[in-house]
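The values are calculated or read from the model by the stated rules, or taken from the named source; none is laboratory data. Everything numeric in this text was worked out from a predicted model, so none of it was measured. All Cβ positions, even for glycine, are placed from backbone atoms using ideal geometry, and neighbour counts span all protein chains on display. In case anyone asks, the SASA skips ligands and DNA or RNA and just uses the protein heavy atoms, side chains included. Shrake-Rupley method; radii C 1.70, N 1.55, O 1.52, S 1.80 Å.
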Amino acid sequence: MNSFDKIYWFRVTFGILTGLTAGLLGYLGPVQPGAERGVILAIAVYAITYYIGRYRIAKDIKENEVRKVITSGLGSYIILFLFTWILYNTLVSAGV
């Protein structure tokens, strides 16, 4: 498994964990106060995953591949963050 595959799966995992964390912290949707904090949390965690990916996982990459570290797993991170957050909010609202 190369460095970019590791970064991808690292971000997939953190996308799920961040969505769950946003729900557990009470950021329960757009009509609730503090919902923007869930998005800020997601951006902050993504920035952390960039630094971990860049300086721990892919520390020996070429200079022209730095942009790939930024974009690797971005779409999956966003989709899984939103999916997990929405699923958590739906389950809490339904009383499951």
Using the crude model of +1 on Lys and Arg Cβ and -1 on Asp and Glu Cβ, and no other charge, please compute the dipole size for the chain relative to its Cα centre, in debye to 20.
220
Residue-normalised accessible area of the chain, given per residue in Å² at a 1.4 Å probe:
66
I'd like the Karplus ³J(HN,Hα) series for region 55-66: coefficients 6.51, -1.76, 1.60, θ = phi - 60°, whole numbers in Hz, and an x wherever there's a Gly or Pro.
9, 10, 7, 10, 6, 9, 7, 6, 5, 7, 9, 5
Rounded FRET efficiency, nearest 0.05, which uses the C-beta distance separating LYS6 from THR90 and R0 of 30 Å
0.45
How large, in percent, is the carbon and sulfur part of the accessible surface of the chain at a probe radius of 1.4 Å?
65
222 nm mean residue ellipticity, helices alone, for the chain (DSSP H n ≥ 4; -39,500 (n - 2.57); rounded to 500)
-23500 deg cm²/dmol
Length gained when the stretch LEU25-LYS62 is fully extended (0.36 nm per residue, less Cα-Cα span)
9.4 nm
Across the chain, where is the longest run that never hits trypsin sites (Lys or Arg not before Pro) in a DSSP loop with at most 14 other C-beta atoms within 10 Å?
1-58
Could you work out the Rg to Rh ratio of the chain, with Rh taken as the Kirkwood radius (inverse of the mean 1/r over all Cα pairs)?
1.07
